[in-house]
Amino acid sequence: QVQLVESGGGLVQAGGSLRLSCAYSTSTFSINTIGWYRQAPGKQRELVASITRGGITTYTDSVKGRFTISRDYAKTTAYLQMNSLKPEDTAVYYCNAAAGINDYYFWGQGTQVTVSS
């Protein structure tokens, strides 16, 4: 089993910054990839950024250059640094882990990010 807990969300002005944290733990599975997803009201959940065990990162075009995903193995925590935030970034952000030989997905509970104009 893999457990993930997101934190760091909040209300910020457009142009501001937030850093989201994803504290993870696992005993049964090895985590292959950690991803950050977001879901706005009435919208589908979308992948924002991901990082593999080898450090390969990917970003959706709308956040490229503004967001940075990272992983601290010592703290068993993944981060999403969000700069130059826009109202369009408003959503619930979820941490995801793809784990085990079958790449089974585990999800955190989510943290709300609200960006005001």
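The values are calculated or read from the model by the stated rules, or taken from the named source; none is laboratory data. Here the structure is a predicted model, which is why all the values come from computation and not from measurement. Here the Cβ positions follow ideal geometry from the backbone for every residue, glycine too, while neighbour counts run over all protein chains shown. The protein model used for the area step is the full one, side chains on, heavy atoms only, and it has no ligands, DNA or RNA in it. Shrake-Rupley method; radii C 1.70, N 1.55, O 1.52, S 1.80 Å.
When we screen LYS43, LYS64 for residues that are under 15 Å from the mean Cα position of the chain (by Cα), among the charged types (D, E, K, R) and not in a strand (DSSP E or B), the only hit is LYS64. Kindly establish whether SER70 is part of a strand (DSSP E or B), out of contact with any Gly (no Cβ under 6 Å at 6 or more places or on another chain) and modelled with pLDDT of 95 or more. Judged against the criteria, SER70 is a match. Is it fair to say GLN112 is in contact (Cβ under 8 Å) with a residue 60 or more places away in the chain and open to solvent by 60 Å² or more (accessible area, probe 1.4 Å)? Yes.
Conditions tested, residue by residue: (1) open to solvent by less than 40 Å² (accessible area, probe 1.4 Å); (2) at pLDDT 95 or above; (3) within 17 Å of THR111 (Cβ to Cβ).
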position	(1), (2), (3)
ALA40	yes, yes, yes
LEU47	no, yes, yes
ARG53	no, no, no
THR57	no, yes, no
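Checked against (1) at pLDDT below 95; (2) closer than 14 Å to SER50 by Cβ, TYR93 meets all criteria but (1).
Return the residues of the stretch 1-14 that are open to solvent by less than 70 Å² (accessible area, probe 1.4 Å), at pLDDT 95 or above and part of a strand (DSSP E or B); say none if nothing qualifies.
The answer is LEU4, GLU6, SER7, GLY10, VAL12.
For the stretch 15-38, a tally of residues being closer than 14 Å to VAL113 by Cα, open to solvent by 50 Å² or more (accessible area, probe 1.4 Å) and assigned to a loop (DSSP other than H, G, I, E, B) returns 2. What about LEU80, is it of a type in the set (A, V, I, L, M, F, W, C), in contact (Cβ under 8 Å) with a residue 12 or more places away in the chain and open to solvent by 70 Å² or more (accessible area, probe 1.4 Å)? No, not satisfied.
Pairs are defined by a Cβ separation below 7 Å, a sequence spacing of at least 6 or placement on different chains, a first member in the stretch 87-107 that is surrounded by 14 or more Cβ atoms within 10 Å (Cβ to Cβ), and a second member that is of a type in the set (S, T, N, Q) and not in a strand (DSSP E or B); the pairs so defined are ALA99/SER30; GLY100/SER30. On inspection, THR28 passes the criterion of being over 15 Å from the mean Cα position of the chain (by Cα) and closer than 13 Å to ALA99 by Cβ.
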